[in-house]
1. Quick one: THR148 ticks every box in (1) at pLDDT 85 or above; (2) within 16 Å of MET38 (Cα to Cα); (3) assigned to a loop (DSSP other than H, G, I, E, B) except a single one, so which number is it?
2. Here is a list: LYS137, LYS90. Which entry is exposed (fewer than 14 other Cβ atoms within 10 Å of the Cβ), touching a helix residue (DSSP H, G or I) at 6+ places or on another chain (Cβ under 7 Å) and under 22 Å from GLN46 (Cβ atoms)?
3. Is it fair to say ALA122 is touching a Leu at 6+ places or on another chain (Cβ under 9 Å) and closer than 19 Å to PHE73 by Cα?
4. Is there any pair linking a residue in segment 176-190 that is in contact (Cβ under 8 Å) with a residue 24 or more places away in the chain to one that is among the basic types (Lys, Arg) and loosely packed, with under 12 Cβ neighbours inside 10 Å, with Cβ under 8 Å and at least six apart or on different chains, and which?
5. Is segment 43-51 home to any residue that is modelled with pLDDT under 85, of a type outside the set (Ser, Thr, Tyr) and surrounded by 10 or more Cβ atoms within 10 Å (Cβ to Cβ)?
6. Which residue, of ALA98, ALA174, ALA110, is more than 14 Å from MET38 (Cβ to Cβ), modelled with pLDDT of 85 or more and outside any strand (DSSP E or B)?
7. Which members of segment 99-126 meet the condition of being surrounded by 14 or more Cβ atoms within 10 Å (Cβ to Cβ) and either without any contact (Cβ under 8 Å) to a residue 40 or more places away in the chain or among the aliphatic types (A, V, I, L, M) (or both)?
8. Quick one: in segment 151-164, of everything that is part of a helix (DSSP H, G or I) and within 12 Å of VAL70 (Cα to Cα), which residue is farthest from the chain's Cα centre (by Cα)?
Amino acid sequence: MRRKNGVRAIMVGLALVLLLTGCWNRRELNALSVVLAMGIDKVGEQYVVTLQIVDPTQMSQNRVAERSPVVTFTQRSATIFEALRRVTTKASRRMYVAHLRLLVFNEKAAREGINDIVDFVARDHEFRPDFYIAIAKGSTAQDLLELTTPTEVLPAMELYKSLKVSQRAWAPTAAVNIIDFLQKITKTGV
């Protein structure tokens, strides 16, 4: 009798497992905008957030580029979170930040402190911790993200790769990702 109940329990368990699917939190690619770079400028008491997004219609290999392969969206708000959400009023797709390669701050934001911003980004479940942090010296993060580059199709990837290469080739340049940054600001004497 016990064996019969055990087999029955296993069968019911297997039947329930078949009802489970992996699509409960799916996101369709045509409903997302892939963010490659994010710039944060401090203007007065507000933040100006600039997002550099891939334009998938311009990335096709069989197509002659009619315009830039990236689009930038800028939004001004009192908090980073609010600015990221407000961008959706300008873009038709939801911002997908898991492929972020570069986070850029202007000098004013860096001097006033970026710990709270980095804390927000590090704790948000959508951000992966493999992007670099940079400071736009003598310029705004928005201006830096709106540049076009001659050697790379995606300007954010050009900046990301040049940070990696220059770190290996020239010691004064350091490519710092968010994990390295968080470790350095929590240690005493660094």
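1. For THR148, the exception is condition (1).
2. Values: LYS90 fails: touching a helix residue (DSSP H, G or I) at 6+ places or on another chain (Cβ under 7 Å).
None of the other options fit; the residue is LYS137.
3. Values: touching a Leu at 6+ places or on another chain (Cβ under 9 Å): yes; closer than 19 Å to PHE73 by Cα: no.
It is false that ALA122 is touching a Leu at 6+ places or on another chain (Cβ under 9 Å) and closer than 19 Å to PHE73 by Cα.
4. If the second residue must be among the basic types (Lys, Arg) and loosely packed, with under 12 Cβ neighbours inside 10 Å, the pairs left are VAL176/LYS184.
5. Filtering segment 43-51 for residues modelled with pLDDT under 85 gives none.
No, segment 43-51 contains no residue that is modelled with pLDDT under 85, of a type outside the set (Ser, Thr, Tyr) and surrounded by 10 or more Cβ atoms within 10 Å (Cβ to Cβ).
6. Details: ALA98 fails: more than 14 Å from MET38 (Cβ to Cβ); ALA174 fails: modelled with pLDDT of 85 or more.
Answer to the selection: ALA110.
7. Across segment 99-126, the qualifying residues are LEU100, LEU102, LEU103, VAL104, GLU107, ALA109, ALA110, ILE114, ILE117, VAL118, VAL121.
8. Let us first name the residues in segment 151-164 that are part of a helix (DSSP H, G or I), namely 155-164.
Imposing the further condition that a residue be within 12 Å of VAL70 (Cα to Cα) reduces the set to 155-157.
Details: PRO155: 14, ALA156: 11, MET157: 12 Å.
Among those residues, the one meeting the criterion is PRO155.
The values are calculated or read from the model by the stated rules, or taken from the named source; none is laboratory data. Note that the structure is a prediction, hence the values are computed from the model and not measured. Note that we place each Cβ from the backbone using ideal geometry, even for glycine, and neighbour counts take in every protein chain shown.
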